[in-house]
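The values are calculated or read from the model by the stated rules, or taken from the named source; none is laboratory data. Everything numeric here is computed off the predicted structure, so don't read it as measured data. Cβ: placed from backbone, ideal geometry, glycine included. Neighbour counts: every protein chain shown. Keep in mind that these areas ignore ligands, DNA and RNA; they rest on the heavy atoms of the full protein, side chains included. Shrake-Rupley method; radii C 1.70, N 1.55, O 1.52, S 1.80 Å.
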Amino acid sequence: EVEKGGGLGSPADEKAAMDALLEHCVLQALCTTVKDKVLPLSVGQFWNMHVRPARPHDVQVDIKLSSYSKPAKLVAAIEKQGLVETQMDRKSKEQHVVAVKRQHPKLVAFMPAASTAGSLAAAAEEAANQAQR
(Lines give C-alpha, C1' and ligand atoms only; values in the text may rest on other atoms or scores of the structure.)
Protein backbone atom coordinates (compact mmCIF):
# COMPACT_ATOMS: atom_id res chain seq x y z
CA GLU A 1 0.00 0.00 0.00
CA VAL A 2 1.40 3.39 -1.04
CA GLU A 3 1.31 6.15 1.54
CA LYS A 4 -0.19 9.54 0.75
CA GLY A 5 2.50 11.79 -0.71
CA GLY A 6 4.23 9.09 -2.72
CA GLY A 7 5.59 7.19 0.26
CA LEU A 8 8.08 9.87 1.24
CA GLY A 9 7.66 9.26 4.94
CA SER A 10 5.30 9.72 7.79
CA PRO A 11 2.74 12.54 7.80
CA ALA A 12 4.85 14.23 10.49
CA ASP A 13 7.89 14.14 8.17
CA GLU A 14 5.81 15.59 5.33
CA LYS A 15 4.53 18.39 7.59
CA ALA A 16 8.07 19.16 8.73
CA ALA A 17 9.26 19.26 5.11
CA MET A 18 6.41 21.59 4.10
CA ASP A 19 7.08 23.79 7.16
CA ALA A 20 10.76 24.06 6.12
CA LEU A 21 9.77 24.91 2.54
CA LEU A 22 7.32 27.56 3.76
CA GLU A 23 9.98 29.10 6.01
CA HIS A 24 12.33 29.25 3.02
CA CYS A 25 9.59 30.90 0.91
CA VAL A 26 8.87 33.45 3.64
CA LEU A 27 12.55 34.37 3.98
CA GLN A 28 12.90 34.56 0.19
CA ALA A 29 9.87 36.86 -0.04
CA LEU A 30 10.95 39.06 2.86
CA CYS A 31 14.43 39.47 1.35
CA THR A 32 13.33 40.08 -2.24
CA THR A 33 9.77 41.24 -2.96
CA VAL A 34 8.37 42.56 0.33
CA LYS A 35 9.72 46.11 0.26
CA ASP A 36 8.81 48.69 2.87
CA LYS A 37 6.97 50.75 0.22
CA VAL A 38 4.43 47.92 -0.36
CA LEU A 39 3.52 47.63 3.33
CA PRO A 40 1.03 47.20 4.88
CA LEU A 41 0.00 43.92 3.25
CA SER A 42 -3.01 41.87 4.22
CA VAL A 43 -2.25 38.24 5.08
CA GLY A 44 -3.88 37.21 1.78
CA GLN A 45 -1.76 39.62 -0.25
CA PHE A 46 1.40 38.55 1.59
CA TRP A 47 0.63 34.88 0.87
CA ASN A 48 -0.59 35.18 -2.74
CA MET A 49 1.68 37.93 -4.06
CA HIS A 50 4.89 37.24 -2.15
CA VAL A 51 5.22 33.88 -0.35
CA ARG A 52 3.74 31.53 -2.98
CA PRO A 53 5.67 33.10 -5.89
CA ALA A 54 8.88 32.85 -3.80
CA ARG A 55 8.85 29.05 -3.95
CA PRO A 56 11.50 27.25 -5.99
CA HIS A 57 10.30 27.07 -9.62
CA ASP A 58 9.85 23.28 -9.68
CA VAL A 59 8.08 22.94 -6.32
CA GLN A 60 4.49 23.36 -5.16
CA VAL A 61 3.64 24.72 -1.73
CA ASP A 62 0.45 23.68 0.02
CA ILE A 63 -0.09 25.34 3.37
CA LYS A 64 -2.79 22.79 4.21
CA LEU A 65 -0.06 20.12 4.28
CA SER A 66 1.94 22.09 6.85
CA SER A 67 1.52 22.47 10.58
CA TYR A 68 0.20 26.01 9.95
CA SER A 69 -2.81 25.00 7.80
CA LYS A 70 -3.70 28.67 7.05
CA PRO A 71 -1.70 31.74 5.97
CA ALA A 72 -2.84 33.65 9.08
CA LYS A 73 -1.24 31.01 11.34
CA LEU A 74 1.99 31.19 9.31
CA VAL A 75 2.07 34.98 9.67
CA ALA A 76 1.40 34.68 13.41
CA ALA A 77 4.33 32.24 13.68
CA ILE A 78 6.75 34.50 11.81
CA GLU A 79 5.63 37.43 13.95
CA LYS A 80 6.32 35.35 17.07
CA GLN A 81 9.81 34.64 15.69
CA GLY A 82 10.32 38.40 15.35
CA LEU A 83 10.59 38.51 11.55
CA VAL A 84 7.61 40.80 10.99
CA GLU A 85 5.24 43.07 12.87
CA THR A 86 1.51 42.78 12.26
CA GLN A 87 -1.53 44.85 13.09
CA MET A 88 -5.27 44.24 12.93
CA ASP A 89 -7.12 46.48 10.48
CA ARG A 90 -10.03 48.01 12.38
CA LYS A 91 -12.39 48.13 9.39
CA SER A 92 -11.74 44.77 7.74
CA LYS A 93 -10.80 42.93 10.97
CA GLU A 94 -7.98 41.38 8.95
CA GLN A 95 -4.38 41.02 10.09
CA HIS A 96 -1.80 43.02 8.08
CA VAL A 97 1.98 42.77 7.88
CA VAL A 98 3.05 46.33 8.69
CA ALA A 99 6.82 46.01 9.14
CA VAL A 100 9.68 43.65 8.32
CA LYS A 101 12.47 43.34 10.88
CA ARG A 102 15.29 43.50 8.33
CA GLN A 103 18.00 43.18 11.00
CA HIS A 104 16.63 39.84 12.26
CA PRO A 105 19.48 37.25 12.26
CA LYS A 106 17.52 34.87 9.98
CA LEU A 107 17.03 37.61 7.37
CA VAL A 108 20.61 38.85 7.63
CA ALA A 109 21.97 35.30 7.15
CA PHE A 110 19.56 34.29 4.37
CA MET A 111 20.93 34.08 0.82
CA PRO A 112 18.03 34.57 -1.65
CA ALA A 113 17.74 32.22 -4.61
CA ALA A 114 18.34 33.73 -8.03
CA SER A 115 15.22 32.21 -9.58
CA THR A 116 11.82 31.43 -8.15
CA ALA A 117 8.48 30.45 -9.63
CA GLY A 118 7.43 34.10 -9.57
CA SER A 119 10.64 35.42 -11.16
CA LEU A 120 10.50 32.81 -13.92
CA ALA A 121 6.86 33.66 -14.66
CA ALA A 122 7.73 37.37 -14.78
CA ALA A 123 10.70 36.68 -17.09
CA ALA A 124 8.51 34.59 -19.43
CA GLU A 125 5.88 37.35 -19.50
CA GLU A 126 8.54 39.96 -20.26
CA ALA A 127 9.97 37.79 -23.07
CA ALA A 128 6.48 37.39 -24.55
CA ASN A 129 5.95 41.16 -24.39
CA GLN A 130 9.31 41.77 -26.09
CA ALA A 131 8.42 39.28 -28.86
CA GLN A 132 5.18 41.17 -29.57
CA ARG A 133 6.96 44.48 -30.11
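Take the conditions within 18 Å of Pro56 (Cα to Cα) and either open to solvent by 80 Å² or more (accessible area, probe 1.4 Å) or modelled with pLDDT of 95 or more (or both) and apply them to Ala124. Does it pass? Spelling it out, it is not the case that Ala124 is within 18 Å of Pro56 (Cα to Cα) and either open to solvent by 80 Å² or more (accessible area, probe 1.4 Å) or modelled with pLDDT of 95 or more (or both). Of the residues making up the range 67-82, those that are among the small types (Gly, Ala, Ser), within 21 Å of Pro112 (Cβ to Cβ) and outside any helix (DSSP H, G or I) number 1.
Taking the range 60-91 as the range and being polar (S, T, N, Q) and within 21 Å of Pro11 (Cβ to Cβ) as the test, the residues that pass are Gln60, Ser66, Ser67, Ser69. Every test in (1) open to solvent by 40 Å² or more (accessible area, probe 1.4 Å); (2) under 24 Å from Val108 (Cα atoms); (3) of a type in the set (A, V, I, L, M, F, W, C) is passed by Val34 save one, and that test is (1).
Which of the residues that make up the range 46-71 are hydrophobic (A, V, I, L, M, F, W, C) and surrounded by 18 or more Cβ atoms within 10 Å (Cβ to Cβ)? Selection gives Phe46, Trp47, Val51, Ala54, Val61, Ile63, Leu65. The requirement of being at pLDDT 95 or above, in contact with a helix residue (DSSP H, G or I) (Cβ under 6 Å, 6 or more places away or on another chain) and crowded, with 19+ Cβ neighbours inside 10 Å is satisfied by Val100.
For (1) open to solvent by less than 50 Å² (accessible area, probe 1.4 Å); (2) in contact with a helix residue (DSSP H, G or I) (Cβ under 9 Å, 6 or more places away or on another chain); (3) of a type in the set (D, E, K, R), each residue gets a yes or a no:
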| residue | (1), (2), (3) |
| --- | --- |
| Lys15 | no, yes, yes |
| Gly44 | yes, yes, no |
| Ser92 | no, no, no |
| Gln95 | no, yes, no |
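Screening Ala77 on (1) open to solvent by less than 40 Å² (accessible area, probe 1.4 Å); (2) in contact (Cβ under 8 Å) with a residue 24 or more places away in the chain shows it passes everything except condition (2).
Scanning the range 89-100 finds no residues that are within 13 Å of the chain's Cα centre (by Cα) and without any contact (Cβ under 8 Å) to a residue 40 or more places away in the chain.
All conditions in (1) assigned to a helix (DSSP H, G or I); (2) over 25 Å from Pro105 (Cβ atoms); (3) more than 11 Å from the chain's Cα centre (by Cα) hold for His57, with the sole exception of (1).
Looking across the range 24-49, the residues that are touching a residue at least 40 places away in the same chain (Cβ under 8 Å) and part of a helix (DSSP H, G or I) come down to Val26, Leu27, Gln28, Leu30, Cys31, Thr32, Asp36, Val43, Gly44, Phe46.
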